[in-house]
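All remarks here apply to the structure that follows.
The values are calculated or read from the model by the stated rules, or taken from the named source; none is laboratory data. This one's a predicted model, so the numbers in the text were calculated from it and none came from an experiment. Every residue, glycine as well, gets a Cβ built from its backbone with ideal geometry; the counts of neighbours run over all protein chains shown.
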Amino acid sequence: MNLFRLTLIAATTALAAPLAMAQAAPKLKVGLMLPATGTFAALGTAIENGFRLYVAEQGGKLGGREVEFVKVDDESDPAKATDNVNKLIKRDNVDVLVGTVHSGVAMAMAKVAKETGTLLIVPNAGAGAVTGPMCAPNIFRSSFSNWQTGYATGEAVAKRGHKKVATITWKYAAGDEMVAGFKEAFEKAGGSVVKELNLPFPNVEFQALLTDLAATKPDATFAFFAGGGAVKFVKDYAGAGLKKSIPLYGTGFLTDGTLEAQGDAAEGIFTALHYADSLGTPRDNAFRLAYAKAYKLQPDVYAVQGYDAGQMLGVGLAAVKGDASKKGEFAAALEKAKIDSPRGTFTLSKAHNPVQDFYLRQVVGKENKSTGLASKALADPARGCKM
Ligand code: PHB
């Protein structure tokens, strides 16, 4: 090697060293896989808003690393889910996946996350499999299991004195599992489910089913719909004249983030959920104020779940000083954490699903007002999880 090249190498090394030292930790790539179109579009927006609010409150950094987002619109379409999640992992090289709303899409995400070991935080979809048979050390949920929401509602409807209930929902994992959870609690309390009605996701042609309900004459109806579908269902139910004769209940998704659009049709409806409007705690007040200021919108349960997905990622990354590859330590930190959620503090079960309180809520004006607890510290049974 000649003297010229040696000098050149020495000069570049001398220059590069202080530069490298001054260089910040590489950005943390968060892959947001959420619906931006379709019946769940507003839910995706609220989750992203909540997540971004938490990151902004931390000065844009988690675990000492500046956060950068890569986004995919999953369209709530399970058929496209595997391709979408692979794009984020293989093409974009994300450090962590956050998503999604739809249970069928989330199951595909969990499968890939389990196979590749990529960190996954589910900010809504309640699919039992994610924290059941597919549970894994790198998979977490900041929301609920479908079973939990159905079970809490089943207990509440039984306590309100109803005996014979008809159920109505979309025919896919979320609807099936919420109805199963509802049935488990409701039958345990002595009630019976006299009819189970459903239609394919995301259809909203409810008329034939409403006619069937009217003929069945149950004491009450239990429904799961969400987003745009929930708006139409609640309006159609009232429009068909059923609201007075057959009281309508549901998991809280039926009336969360939907009240402006549902108007008077939603007034008085009771639902159960792990969040309610105006809980009145200092934590929730601060969150609601910050959210309203940032987005000129009131938060809903989806915003809370997005915010808490941010908090969970923050807790895990703080424990590993931003090194997302240290998955064992990341998981250990979350397993012993108390998440300071606007909904009330929660812990994670061994399967990484929130153990949390459920509120009985009633629609009063434009609010899902809490009327008290439906279920205290309810844990998903995590059937099939071996971890
Ligand atoms: C789900 O598919 O798991 C799901 C979707 C929307 C909700 C709740 C659950 O509001």
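Things worth noting here:
- Check on GLU75, at pLDDT 95 or above, outside any helix (DSSP H, G or I) and surrounded by fewer than 16 Cβ atoms within 10 Å (Cβ to Cβ): no
- The stretch 360-381 residues that are at pLDDT below 95, paired with ones that are not in a strand (DSSP E or B) (beta carbon under 6 Å, 6 or more apart): none
- Those residues of the stretch 238-258 which are within 19 Å of the chain's Cα centre (by Cα) and farther than 18 Å from LEU197 by Cβ, in sequence order: GLY252, THR255, ASP256, GLY257, THR258
- Failed item in (1) more than 16 Å from the ligand (Cβ to nearest atom); (2) touching a residue at least 60 places away in the same chain (Cβ under 8 Å), with THR118 passing the rest: (2)
- The lone exception for ALA158 - which of (1) buried (at least 20 other Cβ atoms within 10 Å of the Cβ); (2) part of a helix (DSSP H, G or I) it fails: (1)
- Which listed residue, of ALA223, ALA261, ALA276, is within 14 Å of the ligand (Cβ to nearest atom) and under 25 Å from SER103 (Cα atoms): ALA223
- Count of the stretch 308-356 residues which are out of contact with any Asp or Glu (no Cβ under 9 Å at 6 or more places or on another chain) and of a type in the set (Ser, Thr, Tyr): 1
- Figure legend. Inter-residue proximity from the stretch 330-342: first residues farther than 18 Å from LEU120 by Cα, second residues loosely packed, with under 15 Cβ neighbours inside 10 Å and at pLDDT below 95, beta-carbon distance below 9 Å, spacing 6+ or different chains. No pairs are indicated.
- Residue list for the stretch 37-68, restricted to those being within 21 Å of ALA110 (Cβ to Cβ) and surrounded by fewer than 24 Cβ atoms within 10 Å (Cβ to Cβ): GLY38, GLU48
- The requirement of being out of contact with any helix residue (DSSP H, G or I) (no Cβ under 7 Å at 6 or more places or on another chain), within 16 Å of the ligand (Cβ to nearest atom) and within 21 Å of MET134 (Cα to Cα) is satisfied by ALA79.
- Residues being part of a helix (DSSP H, G or I) and over 17 Å from the mean Cα position of the chain (by Cα) - total across the stretch 292-313: 4
- Filtered residue count, the stretch 1-59, keeping only those that are more than 22 Å from PHE69 (Cα to Cα) and modelled with pLDDT of 85 or more: 1
- Of the set (1) in contact (Cβ under 8 Å) with a residue 60 or more places away in the chain; (2) within 13 Å of the ligand (Cβ to nearest atom); (3) in contact with a Phe, Trp or Tyr (Cβ under 7 Å, 6 or more places away or on another chain); (4) outside any helix (DSSP H, G or I), all apply to GLY126 but (1).
- For PHE144, the conditions (1) under 17 Å from the mean Cα position of the chain (by Cα); (2) free of Cβ contacts under 8 Å to residues at least 12 places away in the same chain all hold with the exception of (2).
- Residue satisfying all of: in the stretch 290-319; of a type outside the set (A, V, I, L, M) and closer than 10 Å to GLU48 by Cα; nearest to the ligand (Cβ to nearest atom) among these: TYR302
- When the stretch 314-326 is filtered for residues that are in a helix (DSSP H, G or I) and touching a Gly at 6+ places or on another chain (Cβ under 6 Å), the ones remaining, listed by number, are LEU317, ALA318.
- Only one of THR153, THR167 that is away from the ligand (no atom under 12 Å from the Cβ) and under 22 Å from the mean Cα position of the chain (by Cα): THR153
- Those residues of the stretch 376-387 which are closer than 25 Å to ILE269 by Cα and in contact with a His (Cβ under 9 Å, 6 or more places away or on another chain), in sequence order: LEU378
- Leading residue by the ranking (surrounded by the fewest Cβ atoms within 10 Å (Cβ to Cβ)) among those in the stretch 261-285 that are more than 21 Å from the chain's Cα centre (by Cα) and of a type in the set (D, E, K, R): ASP264
- Across the stretch 86-111, the number of residues qualifying as in a helix (DSSP H, G or I), crowded, with 22+ Cβ neighbours inside 10 Å and away from the ligand (no atom under 16 Å from the Cβ) comes to 1.
- Taking the stretch 205-224 as the range and being in contact with a Lys or Arg (Cβ under 8 Å, 6 or more places away or on another chain) and closer than 25 Å to ALA125 by Cβ as the test, only PHE206 passes.
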